[in-house]
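Here is the structure we will look at, set down as structure tokens.
FYI, it's all coordinate maths here, none of it is from the lab. Every value quoted in this text rests on a predicted model; they were computed, and no experiment measured them. A quick note on method: Cβ atoms are made from the backbone with ideal geometry, for glycine too, and the neighbour counts reach across all protein chains shown.
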Amino acid sequence: MRLALYQPEIPPNVGTILRLCACENIPLDIIEPCGFPFSERSLKRAGMDYIDRAQFTRHNNWQNFRDYNSGSRIILASTRADMPYTEFSFAPTDVLLFGQESAGVPEDIHTQADARLCIPMKADLRSLNIAIAAAMILGEAMRQTDQFPT
């Protein structure tokens, strides 16, 4: 199981997700370009001292990410999806993909995903914070696949 961020824009969100990944022993893929200078300084506050413990790989672009994760299903979290994440059957080799905070992923990437999942929420609200969404979906995927760190 892996998490992936498509061209993230907000350093504290990336820092929080790096911390989540470090604590849960889940590798993170970061698909460039980021909307900020990717540095320890920009991530430090949210990631704290967990950043050094996180396993992450930076990819120059979408195709490099796809090549790196060939053979794995790409599971996209999207506000445009119809299937709730709690109704999906996760596999241990899935990559959970999260788009930009402001725009999600482009349509061509949306259609390339093997599955598109949503987090059910109140109809008049737009979305959750990406780090919260990542934690919710990852938690369910880990529960289903019994992939908890030891």
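Only loop residues by DSSP count here, and only those with at most 10 other Cβ atoms within 10 Å; note down the trypsin sites (Lys or Arg not before Pro) in segment 93-150 that meet that.
Counting only loop positions with at most 10 other Cβ atoms within 10 Å, the trypsin sites (Lys or Arg not before Pro) in segment 93-150 are Lys122, Arg126.
Along Cα→Cβ, 7 Å out, is where each label goes; now give me the distance between the ones at Phe148 and Ile132 in nm to one decimal.
In this crude spin-label approximation the distance works out to 2.4 nm.
DSSP beta bridges in the chain, what fraction antiparallel, as a percent rounded to 5?
Here the share of antiparallel DSSP bridges comes out near 5 percent.
Normalised by the number of residues in the chain, what is the relative contact order in percent for Cα pairs under 8 Å and 6+ residues apart?
After rounding, I find 28 percent.
Can you work out D for the chain in µm² s⁻¹ from Stokes-Einstein, where Rh is the Kirkwood radius over C-alpha pairs, the temperature is 20 °C and the viscosity is 1.002 mPa s?
So the translational diffusion coefficient is about 140 µm²/s.
Can you give the helix-only mean residue ellipticity at 222 nm for the chain, where every DSSP H stretch with n ≥ 4 adds -39500 (n - 2.57) and the sum goes over all residues, rounded to the nearest 500 deg cm²/dmol?
Calculated from helices alone, the mean residue ellipticity at 222 nm is -10000 deg cm²/dmol.
Picking from Ser127, Ser72, Ser102, which is most flexible by a Gaussian network model of the chain using Cα springs under 10 Å?
Maximum among the listed residues: Ser102.
About the Cα centre of segment 52-126, how large is the charge dipole given +1 on each Lys and Arg Cβ and -1 on each Asp and Glu Cβ? Please answer in debye to the nearest 20.
So the dipole magnitude of segment 52-126 works out to roughly 120 debye.
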